[in-house]
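Scroll down for the structure; my scribbles are underneath it.
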């Protein structure tokens with residue numbers, strides 16, 4: 001679902017980016033992660 005998240009998820013997961021260009025490429029996925037988290041919190 002979110003291929004750029006890393007970690008086992010027991011405590012937290014990370015979203016790693018190498019530089020601003022990499023962040024630009026992954027911005028849509030990061031927005032989707034944040035939106036899903038907000039939806040879970042508000043449910």
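The values are calculated or read from the model by the stated rules, or taken from the named source; none is laboratory data. Since the structure is predicted, the reported quantities are computational estimates derived from the model, not experimental observations. Note: ideal-geometry Cβ built from the backbone for every residue, glycine included; neighbour counts use all protein chains shown.
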Within the stretch 10-26, considering residues that are over 13 Å from the mean Cα position of the chain (by Cα) and in a loop (DSSP other than H, G, I, E, B), the one surrounded by the most Cβ atoms within 10 Å (Cβ to Cβ): 18
Residues located in the chain, provided they are touching a helix residue (DSSP H, G or I) at 6+ places or on another chain (Cβ under 6 Å) and touching a residue at least 24 places away in the same chain (Cβ under 8 Å): 2, 4
Flag for residue 2 being modelled with pLDDT under 90, within 12 Å of the chain's Cα centre (by Cα) and surrounded by 11 or more Cβ atoms within 10 Å (Cβ to Cβ): yes
Residue selected from the stretch 28-41 under the condition surrounded by 10 or more Cβ atoms within 10 Å (Cβ to Cβ) and more than 9 Å from the chain's Cα centre (by Cα), by the criterion modelled with the lowest pLDDT: 37
